[in-house]
Amino acid sequence: MKNIVILISGGGSNMAAIVNTAKRDNWAGRFGARVAAVISNKAEAKGLLFAAEHGIPTAVVSHKSFASREEFDDALAEVIDRYEQPGEPALLVLAGFMRILTPGFVNRYTGRFLNIHPSLLPAFPGLHTHQRALDAGCKVAGVTVHQVTAELDHGPILAQAVVPVLPGDTAEALAARVLTQEHLIYPRAIAELLQKQ
């Protein structure tokens, strides 16, 4: 069974979309894959409750407990690697995990490490994407699923979805429309990747 490990920092709505899609579409039967664990850097992350209610093991690795990024990343990798199967390395999925990870950590999971970003990359990497799109006068915005590389919000693009920017849009309104597409595109991109493996 291929294990999927999801990292979150908050409510975990993308994680929930992945879990719900995996169950509905029988990823275990179709791809030999399951969401094996949800890990957060914040004990208060509401997504941990959702995961626990769905019988998914959870763990917390608080970045505040470590003196350096490297020490945190090493501890996080140790927890992730508990879900590795012989010959079946875990697929690592970022779903609102709000920590910048070190190149060493990223390289450890190269080729099986995914992220979702709320812009049409390569436009607007980093934070405040929706306001930046509005400030730039964009007519469309959207979301990108990509493989994680050491360069923030770069890496091979696996899928994108476009939403219109409407007259009078606020960053919050645009974010809400983009989020509905995130919940569709992320599980679909993961399923397509699993199908190829």
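All of the numbers you see were taken from the coordinates with simple rules; none came from a lab. Everything numeric in this text was worked out from a predicted model, so none of it was measured. Don't worry about glycine lacking a Cβ; one is built from the backbone with ideal geometry, like all the others, and counts go over all protein chains shown.
Please go through the residue pairs Lys23/Lys46; Lys2/Lys23; Lys23/Lys196 and name each one whose alpha carbons sit more than 25 Å apart in this structure. Numbers along the way, then the final one.
Details: Lys23/Lys46 20 Å; Lys2/Lys23 15 Å; Lys23/Lys196 19 Å.
Violating the 25 Å limit, Cα to Cα: no pairs.
With a 10 Å cut-off between alpha carbons and a GNM built on the chain, which of Ser65, Ser119, Ser13 moves the most?
Greatest mean-square fluctuation among the candidates belongs to Ser65.
With a Förster radius of 35 Å, plug the Cβ-Cβ distance of Glu172 and Glu151 into 1/(1 + (r/R0)^6) and report the FRET value to the nearest 0.05.
0.75
For the chain, calculate the relative contact order in percent as a whole number, restricting contacts to Cα pairs under 8 Å that are 6 or more residues apart. Intermediate values should be presented prior to the final figure.
Values: 360 pairs, mean separation 40.4, N = 197.
Worked out over the chain, it gives 21 percent.
So for the chain, what percent of the C-alpha to C-alpha distances run longer than 30 Å?
On the way: 3494 of 19306 pairs.
Summing the P(r) of the chain above 30 Å gives 18 percent of all pairs.
Mind checking which of His130, His54, His117 has the largest fluctuation in a GNM of the chain, springs on alpha carbons under 10 Å?
His54
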